Amino acid sequence: MTNPFFEPVADTGIPNFPAIRFEHYREAFDRGFAQQREEIQDIVSNPEPPTFANTLEALEHSGASLRRVEDVFWNLTSSDTNADLQALECEVAPECSAHRSGIYANPQLFARVKAVCEGDESLSAEQTQLLEETRRTFVRAGAELEDAQRGRVSAITEQLAVLCTRFGQNVLKDSNDYALVLSSESDVAGLPDFVLEMGRDEARTRGENDAYVFTISRSSITPFLQYADSRDLREEIYAAYTSCGTRSVDNRPLIREIVALRDERAKLLGFATHADFMLDDRMARTPFAARELLDKVWQPCQEQVAKEAADLVKCAGLEDEEELAPWDWWYYTEKLRRQRFDLDPDELKQYFKLENVRDGVFEVANKLYGLVFTERPDLPVYHPDVLTYEVSEADGSRIGFFLFDFYMRPSKRSGAWMSEFRSQSNDGARVTPVIVNCCNFPKSEPCLLDVDEVRTLFHEFGHGLHGLLSNVRYASLGGTNVKQDFVELPSQIMEHWAMEPEVLSSYARHVDTDAPIPEGLIAKLRESEQFNQGFATTEYLAACYLDLAWHGTADVSAQEIGEVEAQAMQHIGKTPLVDPRYKSTYFQHIFSDDAYSAGYYVYIWAEVLDADGYEAFKENGLFDAKTASAFRENILERGGTVDPMTLYRNFRGQDPKVQPLLRNRGLI
């Protein structure tokens, strides 16, 4: 049987998933590595003087066959893995790292890149950007170091690939291993019907009859903490969540090793800390700038969370805060929400059927950008749950393909994300993108979402639009290949439309009657938008500070995990009632790969941009064609071809202000 990775690429760009067998991956990786090594050798041995075409473009075009297998493999190890794929992942991760290091630490190749930098070729703005980004990549890989130091940087990067892979696999295992199995009615007292049904569905998938099962997936644990009357059970599942990564596995030694290696690499490359190294390639530029923004939000946030805690004490009929615990916060907050706003989450969910929310986000994209989504059940998928859509312009011309993978399953890591099976480019011939959105909604019929899950769907769809609407020449500069603290702008600005009355009236329809959501219910939703924002902001910012404590302090790896966490929280004066959104042993953003390490702050950094940017739509009209066109042309289409702040100013006509963010969160 022919390896499908060696067959011609389909016109759609969608891989032939049903034809792919496990053994095909190893063969495709080996051939991909070998082919790109040959391509790199052709570049460095070219007797012609270095030019943009024979060096930069040749490098950009190299590795096509390797990218083809990587795009499938790394997607599936996140969304539909198994024991064989996980074992191969541990093999391949360091090999990919070593292969990349072999390219970007190659002194002969770097010499050619430098020669082009120092030359006088006339280049377009995008070519100039590609040249500079490529030069930076070489420098950050150690190309300017002596041989021994450069070799050590490469070795560290390979070790980190292994350790981060193991960290993520450990979190998945520990998450899957835990189940709170309940059978008595007293244990599930207080849980509304939709939570009970979720528990029954999970029990059935695990072969448990006449029982309810709850897990530490956010979609399962959060409603349990909100409604379960049993304080002991709330404490039990909360303790399981906050000890993830330490029960059936132990991520603590991995964390210390990851942090130590990152610190060593940063020093070899001339940076004081890993945070300095990572932020040197982001909009913030320095850890000081990132902390400065966090501090601006932290102080008003603490004033707000103190008020919220006092309100919860009164709601619970307690004497003081010392009688409350973190696992009580969701429970009494839900009671207080009902008292203040007469909001019944179960009633709300009846208006957020998954298919309706999906159609709603499609409609928003149509009104803003003229996009048309047509389901294509004839195309191959990697799992039966996946739905595929062809995306077209209003004139019918193809933009690309969009895959939706909605449901949680044991083979999928937690969280929600956007990824690509093929990137957009326009270098000689236009290549259309294949984008995927993955979520972790509990699978049920019907699948009813809560408000946070609705926002998650809109958020990831915003990332999807960033990939779909990319319109660049070079793939490495397209879509979400932007500075890490800019990448969340398209996703977070998309969330704003989810709860707009005009939009809700269109897609939020009752699951049984198809009646539109009542205006009174919309009003209650709008009125409650800033409710509990002190808590939400505190748990997020605390995780940001924890990230910077690990990566912005030299030699911290020698300390115990709990000691680092305690010191970081003591330093900011965090209330003991609110834990960081993630504790270290399951903080996948910062320890399962490098991308968000020293970068969890990027969500609040981008929120300054999205809150300020959405003001333009509020001023001109939610679906104002001119504003939407400006956002598409300056943000969604341009990828990383221009400095991100320049792109933002081109769209907005001004620098972003922090006040809209603080106002949206009820902090001013």
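The table below lists the values:
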| item | result |
| --- | --- |
| Most to least packed among 632-645, 322-335, 108-121 [average Cβ atoms within 10 Å] | 632-645, 322-335, 108-121 |
| Efficiency of FRET from Cβ geometry, VAL44 and ALA515, R₀ 51 Å, rounded to 0.05 | 0.15 |
| Nearest-0.05 FRET efficiency for LYS618 and GLN339, computed from C-beta distance (R0 25 Å) | 0.25 |
| Carbon and sulfur %, accessible surface of the chain computed with the full protein complex present, 1.4 Å | 47 percent |
| Distance between the range 459-473 and the range 489-522 - C-alpha centres, whole angstrom | 22 Å |
| Highest-first arrangement of 608-617, 517-526, 583-592, where packing means the average Cβ count within 10 Å | 583-592, 608-617, 517-526 |
| Å³ per residue enclosed by the Cα convex hull of the range 56-101 | 71 Å³ |
| Separation of the ASP193 and LYS307 label points, Cα + 7 Å toward Cβ, nm | 3.7 nm |
| Percent RCO, i.e. relative contact order, over the range 584-668, from Cα pairs under 8 Å lying at least 6 residues apart | 30 percent |
| Compactness of the range 135-250 as Cα Rg over 2.2 N^0.38 Å, two decimals | 1.63 |
| GLU292 versus GLU560: modelled label distance in nm, points set 7 Å from Cα along the beta carbon direction | 3.7 nm |
| Karplus (6.51, -1.76, 1.60) ³J(HN,Hα), θ = phi - 60°, over the range 130-144, in Hz, Gly and Pro reported as x | 4, 4, 5, 5, 5, 4, 4, 4, 4, 4, 6, 8, x, 4, 8 |
| Extension gain (nm, one decimal) between THR646 and THR222, 0.36 nm per residue minus Cα-Cα | 148.7 nm |
| Gyration tensor (Cα) of the range 446-490, equivalent ellipsoid semi-axes in angstrom | 27, 12, 6 |
| Three principal axis lengths of the range 465-542 [C-alpha, angstrom, descending] | 49, 35, 19 |
| Contour excess over end-to-end distance, with Cα ends at THR205 and SER184 and 0.36 nm allotted per residue | 5.6 nm |
| Solution diffusion estimate, µm²/s, Stokes-Einstein, the chain, Kirkwood Rh from C-alpha pairs, 20 °C, viscosity 1.002 mPa s | 82 µm²/s |
| Per-peptide average of other Cβ atoms within 10 Å, ordering 93-106, 336-349 highest first | 93-106, 336-349 |
| Net lengthening on full extension, GLU323/ASN366 (0.36 nm per residue, minus Cα-Cα) | 10.4 nm |
| CD proxy at 222 nm, helix term only [per DSSP H run n ≥ 4: -39500 (n - 2.57); per residue of the chain; nearest 500] | -18000 deg cm²/dmol |
| Two-site label geometry, GLU529 and GLU23: point separation in nm, points 7 Å out along Cα→Cβ | 5.8 nm |
| Solvent-accessible area per residue for the range 385-434 (1.4 angstrom probe, square angstrom) | 34 Å² |
| Largest to smallest accessible area among ARG509, ARG204, ARG430 [probe 1.4 Å] | ARG204, ARG430, ARG509 |
| The chain: relative contact order as a whole-number percent, Cα under 8 Å and 6+ apart | 16 percent |
| Estimated FRET transfer efficiency (ASP452, ALA125; beta-carbon r; R0 51 Å; 0.05) | 0.80 |
| Pairs beyond 21 Å (Cα-Cα), from LYS307/LYS574; LYS353/LYS524; LYS296/LYS657; LYS349/LYS583; LYS483/LYS657; LYS412/LYS443 | LYS349/LYS583 |
| Charge-dipole axis of the chain as Lys and Arg at +1 and Asp and Glu at -1 on Cβ define it, positive-most pick from VAL153, GLN41, TYR603 | GLN41 |
| C-alpha center-to-center spacing [the range 324-388, the range 102-169] in angstrom | 41 Å |
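The values are calculated or read from the model by the stated rules, or taken from the named source; none is laboratory data. Bear in mind the structure is a predicted one, so any value in this text is a computation, not a measurement. Please note: Cβ atoms are built from the backbone with ideal geometry, for glycine as well, and neighbour counts cover all protein chains shown. Please note that ligands, DNA and RNA were not included when accessible areas were found on the heavy atoms of the full protein model with its side chains. Shrake-Rupley method; radii C 1.70, N 1.55, O 1.52, S 1.80 Å.
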